[in-house]
Amino acid sequence: MLAMAATPNHADSADLAKPLRYAGFFVTEAVRTFRATGSVIPSSPALAERLTRYIDQRDDPSAPISILEAGSGTGPVSRAIAAHMHDGDTLDMVEPHGPFVEYARGLMQTDPDLARVADRATLHQALVTDLGTDRRFDVIVSGLPFANFTAEEVREIMEYYFTVLRPGGRLSFFGYLYTKQVKSVIARREDYLRQARSSWVVDEYVHRFGVDTERVLANFPPAWVHHLRKPAD
Ligand SMILES: C[S@@+](CC[C@H](N)C(=O)[O-])C[C@H]1O[C@@H](n2cnc3c(N)ncnc32)[C@H](O)[C@@H]1O
């Protein structure tokens, strides 16, 4: 059995701020849990910025919004979300992996942007679909690794997002460029087919609700970001 990686100590905030240590913790955990994590490196600041686009661009800048972040991991996107939050905005972060949750809890005290919104931010240790359908969000930022999921899992999560999104609300999520092409060369046939099927579900939602797609080359691996909008009733 693999040993559990130690969570970095949040008592020393100067040390925590060191990007290499922060990335190192993510890498260790990502290798242990690759199917659920789907990446070996946390998202770059450039990718995090694109994912927060609709926290900046609002229909009514004076009205507070509710934000859901699915798959917050070690918090690189949470920090960018927090930096763009206005007074009165709320944030629900959801992450099932215990060591990441523990890490992010510390970050909520030590990172200046997250600490600023800590009284309006809630970190849930859960699968996003277990959060319940009695909530409503204006913006959903999803970091989930759809390419590692089955088509049924992707559909369940997309249906959940479009249930809890308010009419007119936005969903932004990312995937990595060329995943299908790389898998066609290196993956087993059944894994390639599983990923092709799950990407068709993603494509179906993008086709129905997509408003823009951006490429982010300043990330490892390079990524695309899709922005979707739930139609206003
Ligand atoms: C690609 S990582 C992204 C982490 C972080 N947001 C970033 O950009 O670096 C995907 C994250 O989604 C989490 N995750 C996987 N399945 C999930 C689910 N069903 N609900 C919520 N989070 C999930 C994983 O534990 C992991 O932390």
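For this structure, a couple of remarks:
- Our estimate of slack between residue 59 and residue 115, defined as 0.36 nm per intervening residue step minus the Cα-Cα distance, is 17.5 nm.
- The label point for residue 232 and the one for residue 126, both projected 7 Å from the Cα toward the Cβ, are 3.0 nm apart.
- Highest average packing first - 74-84, 158-168, 53-63, Cβ atoms within 10 Å: 74-84, 158-168, 53-63
- Rounded FRET efficiency, nearest 0.05, which uses the C-beta distance separating residue 213 from residue 153 and R0 of 25 Å: 0.70
- Share of carbon and sulfur in the accessible area of region 80-192 stands at 50%, probe radius 1.4 Å.
- Report note on the peptides 130-142, 199-211: ranked by the mean count of other C-beta atoms within 10 Å, highest first, their order is 130-142, 199-211.
- Mean Cβ count within 10 Å, highest first, over the residues of peptides 94-103, 214-223: 94-103, 214-223
- For region 43-229, accessible area per residue (1.4 Å probe, heavy atoms of protein chains only), Å²: 45 Å²
The values are calculated or read from the model by the stated rules, or taken from the named source; none is laboratory data. Because the structure is a prediction, the values reported are computed rather than measured. Ideal geometry is used to build each Cβ from the backbone, glycine not excepted, and the neighbour counts take in all protein chains shown. Keep in mind that these areas ignore ligands, DNA and RNA; they rest on the heavy atoms of the full protein, side chains included. Shrake-Rupley method; radii C 1.70, N 1.55, O 1.52, S 1.80 Å.
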